[in-house]
Amino acid sequence: MNKGRFIVVEGLEGAGKSTAIHTVAQYLQTLLAKTPHQLVQTREPGGTPMAEEIRTLVKASRQETVAATTELLLMYAARAQLLENVIRPALTRGDWVLADRHDLSSRAYQGGGRQISDALIDPIRQVVLHGLQPDLTLYLDIEPAVGLARARARGELDRIEQEQLAFFQRTRQKYLDIARQDSSIVVIDASESLEQVQQALLQALEQRC
């Protein structure tokens with residue numbers, strides 16, 4: 001087990017990412033326990049001091065309209081910083097990386113939700129990613145209205161979480177469209193019970209890791 005692995009958890013607001021990440025992290029830590037390698041956990045946008053500052057810029061509510069392309073470029077700026085300083089070094093060491101969101105989020109939220117074309121996003125992706133792709137992405141799928149109700153119940157919403165339902169419906173559709181074309185993405189039904197979701201996550205990990 002010398003090669004680092006890159007695993008990502010994705011999902012709309014209220015899909016249960018935090019709980020899912022805890023489940024996945026426990027499994028991976030057990031898997032790596034008898035190896036010299038570690039599990040590195042991170043999140044996007046964020047994961048480094050500078051990227052966390054960008055996260056604050058992106059998520060803060062403000063009177064000024066944030067242009068869709070501004071949001072897109074900030075997301076990729078944060079991602080570039082995280083890849084350079086955390087993810088690539090960890091994978092080079094042979095460590096495993098577990099990320100709360102990655103590039104798929106931008107393709108879904110900015111591509112689907114903001115309706116920015118692939119023709120604009122793809123060249124930016126190439127510059128930032130240099131071909132790096134997750135070994136496994138676990139996408140927690142949920143109806144946007146259900147997820148948003150959960151998100152509202154847990155507290156104040158950030159700028160993106162305050163978008164209209166149609167934005168999240170487009171985002172979800174983009175997630176599903178991409179997942180149908182990418183065998184490294186496993187779709188998990190996040191509307192099921194906690195036990196069923198955990199079972200589906202563990203099954204995917206056992207099959208892919």
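Over all directions, what mean area does the Cα convex hull of region 1-120 project, stated in square nanometres?
The orientation-averaged projected area of the Cα hull of region 1-120 comes to 8.2 nm².
Could you list which residues have their amide H under 5 Å from that of Gly94, counting only those 5 or more apart in sequence or on another chain, with H placed in the peptide plane?
Gly4
Tell me what the chain gives for mean residue ellipticity at 222 nm when only DSSP H runs of n ≥ 4 count, each as -39,500 (n - 2.57), the sum divided by the residue total, rounded to 500 deg cm²/dmol.
-15500 deg cm²/dmol
If the viscosity is 0.890 mPa s and the temperature 25 °C, what translational diffusion coefficient in µm²/s does Stokes-Einstein give for region 87-204 when Rh comes from Kirkwood over Cα pairs?
155
Report, by chain and number, residues whose modeled amide H sits under 5 Å from the one on Val8, excluding near sequence neighbours (fewer than 5 apart, same chain).
HN-HN under 5 Å from Val8: Ala99, Leu136, Thr137, Leu138.
Rg(Cα) of the chain divided by 2.2 N^0.38 Å?
0.99
Quick query: amide H of Gln41 versus all other amide H atoms, modeled in the peptide plane; which residues come in under 5 Å with a sequence gap of 5 or more or a different chain?
Correct list: Leu98.
Once phi is turned into θ = phi - 60°, what whole-Hz ³J(HN,Hα) does the Karplus curve with 6.51, -1.76 and 1.60 give for every residue of region 12-24, x standing for Gly and Pro?
My calculation for region 12-24 gives 6, 4, x, 7, x, 4, 4, 5, 4, 4, 4, 4, 5 Hz in order.
Measuring with a 1.4 Å probe in the full set of protein chains, what accessible area per residue, in whole Å², belongs to the chain?
Normalised by residue count, the accessible surface of the chain is 50 Å².
Taking all protein chains as present, what is the carbon and sulfur share of the accessible area of the chain, in % to the nearest whole number, probe 1.4 Å?
Ligands and nucleic acids excluded, carbon and sulfur give 49 percent.
The values are calculated or read from the model by the stated rules, or taken from the named source; none is laboratory data. Nothing here was measured: the structure is a model prediction, and the numbers come from that model. Only protein heavy atoms, including side chains, enter the accessible area calculation; ligands, DNA and RNA are left aside. Shrake-Rupley method; radii C 1.70, N 1.55, O 1.52, S 1.80 Å.
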